[in-house]
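Trainee: The structure under discussion is supplied below as structure tokens; questions concerning it will follow.
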Amino acid sequence: AQSVTQLDSHVSVSEGTPVLLRCNYSSSYSPSLFWYVQHPNKGLQLLLKYTSAATLVKGINGFEAEFKKSETSFHLTKPSAHMSDAAEYFCVVRTINTGTASKLTFGTGTRLQVTL
Amino acid sequence: DGGITQSPKYLFRKEGQNVTLSCEQNLNHDAMYWYRQDPGQGLRLIYYSQIVNDFQKGDIAEGYSVSREKKESFPLTVTSAQKNPTAFYLCASSSTGTGLWGGQPQHFGDGTRLSIL
């Protein structure tokens, strides 16, 4: 079965410094992986997705993630944090399609705090 | 603009009462999903539907029911059998794909927060 582990429940950075949110996955085959962001009392917004093309994936708002099969990791990074980046981030793996629906397994989330 | 609309934003349930959460999408997506979110637990799948008049149980379907009479709508009923209904409920939709690499990202509504009176 596929699963994801977010290694930090909470990360705090200063504005203008780099962001690193860590995610390891477990899968019996090459997975499809996603990062979503959730602001308070809002739904989830897709940041980026990996589906077996380029291993370095660029997303919205300056975020990117690198798929490393040897390390079974899919860490999310951003060179310079902004106050508006403060939110909850979810690493997600897509399970094998049953029929045509796309089932997702979510990590437990990492809360990013950005300080002045 | 296309999107997913969930209503109401806040909902209160009395003991022994059934309540229904609304989810409507105008993205022309075939697949729709309901998730429950509890603090520190990520999202867990309640039900999903791939096509009108068809739906399947997710990981935590007990105490919940759904219907899919129209492509655009996928309401969730939280029944009195759900003993711990207080949570944030999220509806999502996606276009469909086939094969191992198919499947498009899911788009989410802004959620309904359900509390017990």
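The values are calculated or read from the model by the stated rules, or taken from the named source; none is laboratory data. A quick note: this is a predicted structure, and the numbers were derived from the prediction, not measured. Here Cβ is always computed from backbone atoms with ideal geometry, including for glycine, and neighbour counts include all displayed protein chains. Just so you know, the surface numbers come from the protein's heavy atoms only, side chains and all, with ligands and any DNA or RNA stripped out. Shrake-Rupley method; radii C 1.70, N 1.55, O 1.52, S 1.80 Å.
Trainee: Please find, among B:Ser49, B:Ser115, B:Ser65, the residue that is of a type in the set (S, T, N, Q) and open to solvent by less than 10 Å² (accessible area, probe 1.4 Å).
Mentor: Working: B:Ser115 fails: open to solvent by less than 10 Å² (accessible area, probe 1.4 Å); B:Ser65 fails: open to solvent by less than 10 Å² (accessible area, probe 1.4 Å).
That would be B:Ser49, the only listed residue that is of a type in the set (S, T, N, Q) and open to solvent by less than 10 Å² (accessible area, probe 1.4 Å).
Trainee: Anything in segment A:36-59 that is outside any loop (DSSP other than H, G, I, E, B), open to solvent by 60 Å² or more (accessible area, probe 1.4 Å) and more than 11 Å from chain B (Cβ to nearest Cβ)? List them, or say none.
Mentor: Of the residues in segment A:36-59, the ones outside any loop (DSSP other than H, G, I, E, B) are A:36-38, A:44-50, A:56-58.
Keeping just the survivors that are open to solvent by 60 Å² or more (accessible area, probe 1.4 Å) gives A:45, A:49, A:56, A:58.
Hits for segment A:36-59 are A:Leu56, A:Lys58.
Trainee: Continuing with the same structure: Out of all the residues in segment A:1-38, which are of a type in the set (Ser, Thr, Tyr), closer than 17 Å to A:Glu66 by Cα and under 14 Å from the mean Cα position of the chain (by Cα)?
Mentor: A:Thr5, A:Tyr25, A:Ser32, A:Tyr36
Trainee: I'm trying to understand the selection: among the residues of segment B:55-100, which are more than 14 Å from chain A (Cβ to nearest Cβ) and not in a loop (DSSP other than H, G, I, E, B)?
Mentor: Result: B:Tyr64, B:Ser65, B:Lys70, B:Ser73, B:Leu76, B:Thr77, B:Val78.
Trainee: Return the only residue of B:Gln41, B:Gln106 being loosely packed, with under 15 Cβ neighbours inside 10 Å and either facing chain A (nearest Cβ under 9 Å) or in contact with a His (Cβ under 7 Å, 6 or more places away or on another chain) (or both). Walk me through it before giving the result.
Mentor: Numbers: B:Gln106 fails: loosely packed, with under 15 Cβ neighbours inside 10 Å.
Going through B:Gln41, B:Gln106 in turn, just one is loosely packed, with under 15 Cβ neighbours inside 10 Å and either facing chain A (nearest Cβ under 9 Å) or in contact with a His (Cβ under 7 Å, 6 or more places away or on another chain) (or both): B:Gln41.
Trainee: Collect the residues in segment A:17-35 that are modelled with pLDDT of 95 or more, open to solvent by less than 60 Å² (accessible area, probe 1.4 Å) and not hydrophobic (A, V, I, L, M, F, W, C), keeping them in residue-number order. Steps first, please.
Mentor: Taking segment A:17-35 and keeping what is modelled with pLDDT of 95 or more, we get A:17-24, A:35.
Remaining after also requiring open to solvent by less than 60 Å² (accessible area, probe 1.4 Å): A:17, A:19, A:21, A:23-24, A:35.
Listed by number, the residues that qualify are A:Thr17, A:Asn24.
Trainee: Moving on to the next point. Give segment B:52-62 a look and list any residue that's more than 25 Å from A:Thr105 (Cβ to Cβ) and open to solvent by 80 Å² or more (accessible area, probe 1.4 Å), or say none. Outline the logic, then answer.
Mentor: Of segment B:52-62, the ones more than 25 Å from A:Thr105 (Cβ to Cβ) are B:52-53.
Result: B:Asn53, single match.
Trainee: Can I ask one more? If you take the residues in segment B:10-38 that are assigned to a loop (DSSP other than H, G, I, E, B) and of a type outside the set (D, E, K, R), which one is farthest from the other protein chains (Cβ to nearest Cβ)?
Mentor: Applying the first criterion (assigned to a loop (DSSP other than H, G, I, E, B)) to segment B:10-38 yields B:14-18, B:26-30, B:38.
Subset that is of a type outside the set (D, E, K, R): B:16-18, B:26-29.
Details: B:Gly16: 27, B:Gln17: 23, B:Asn18: 24, B:Asn26: 15, B:Leu27: 13, B:Asn28: 15, B:His29: 11 Å.
Filtering segment B:10-38 for residues that are assigned to a loop (DSSP other than H, G, I, E, B) and of a type outside the set (D, E, K, R), the one farthest from the other protein chains (Cβ to nearest Cβ) comes out as B:Gly16.
Trainee: Looking at segment B:48-64 only, could you name the residues that are in contact (Cβ under 8 Å) with a residue 24 or more places away in the chain and either of a type in the set (D, E, K, R) or closer than 18 Å to A:Val92 by Cβ (or both)? Give the derivation first.
Mentor: Filtering segment B:48-64 for residues in contact (Cβ under 8 Å) with a residue 24 or more places away in the chain gives B:49-50, B:58, B:60, B:64.
The answer is B:Gly58, B:Ile60.
Trainee: Sticking with this one: How many residues does segment B:1-18 hold that are open to solvent by 60 Å² or more (accessible area, probe 1.4 Å) and among the basic types (Lys, Arg)?
Mentor: Total meeting the criteria: 2.
Trainee: Further, regarding this structure: For the subset of segment A:96-113 comprising residues that are among the hydroxyl-bearing types (Ser, Thr, Tyr) and open to solvent by 30 Å² or more (accessible area, probe 1.4 Å), which member is modelled with the highest pLDDT?
Mentor: Step one: of segment A:96-113, the residues among the hydroxyl-bearing types (Ser, Thr, Tyr) are A:98, A:100, A:102, A:105, A:108, A:110.
With open to solvent by 30 Å² or more (accessible area, probe 1.4 Å) added as a condition, the list becomes A:98, A:100, A:105, A:108.
Details: A:Thr98: 54, A:Thr100: 53, A:Thr105: 88, A:Thr108: 93.
Among those that are among the hydroxyl-bearing types (Ser, Thr, Tyr) and open to solvent by 30 Å² or more (accessible area, probe 1.4 Å), it is A:Thr108.
So that you can scan it fast, the table gives a plain yes or no per residue for (1) in contact with a Leu (Cβ under 8 Å, 6 or more places away or on another chain); (2) touching a residue at least 12 places away in the same chain (Cβ under 8 Å):
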residue: A:Ser27; (1), (2): no, yes
residue: A:Pro31; (1), (2): no, yes
residue: A:Gly43; (1), (2): yes, no
residue: A:Ala53; (1), (2): no, no
residue: A:Lys58; (1), (2): yes, no
residue: A:Met83; (1), (2): yes, yes
residue: A:Glu88; (1), (2): yes, yes
residue: A:Val93; (1), (2): yes, yes
